[in-house]
Every structure is written in structure tokens, then in C-alpha cells.
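We did not get these values from a lab; they are worked out from the coordinates using the rules stated. Bear in mind that the values here come from a model prediction, so they are computed numbers and not experimental data. Cβ: placed from backbone, ideal geometry, glycine included. Neighbour counts: every protein chain shown.
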Amino acid sequence: MRRPADLSAFRIYLRAFRETHGFWPHLAAILLLGLLEAPLGLLVPLPMKVILDSVLGAAPAPAWLDPALFGLTREALFPLAIGLAVLFSVLTLGHRT
């Protein structure tokens, strides 16, 4: 009979790999959400910048959020920015539940 000290780290990892074989899709989804958390967290303040600069200020709307692209008027920029803020918040906090 082998002693626990005889097991190498490789054998332990191999056994863990075999034990978790059926859960790889779940583990991959958790890893993917963890990797997406940082970039999404950096995007959260972006709608506030759009609101301050383009809605309240005189700066033009960013090219990627121009209301004319969606067939809307300039007054629709505020609801678009609010919707973007809600979307980023839901995506950032959604995987924590």
C-alpha cells in the first residue's frame, strides 16, 4: 500500500482532472465570465462620460453611439446612454449571483 507522501503532484492533478471531467463546460463558463469581468468593469463609467459630455455638454456624440446610426434624434442619446449603463451593470454583476 502506498503512503500519501508517495503521490506526486502530477498524480494529484491527474486524479482531479478525472474527477471533474463531467463539469468542464461549467468550469469553462465560470472561467469565461471571470475573464470578461475586468473589461466590463472598465466599461461601466463610459455611459456617464457620454451623458456628461454629449448630453449635458456641447461635445458631439461618440461615433459608435451616434443616434443617427439608429435613425433617432439627438434627444434619444440620453436614454441610449442610460440603457448602456444598465446593460453594463447587469453584465458585470450578473455572474455573481
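As a size descriptor, the averaged projected area of the C-alpha convex hull of the chain was calculated at 10.1 nm². What you get for the chain, charging only the Cβ of Lys and Arg (+1) and of Asp and Glu (-1), is a dipole of about 700 debye around the Cα centre. In this label model, Met48 and Leu93 are separated by 1.4 nm, measuring between points 7 Å along each Cα→Cβ vector.
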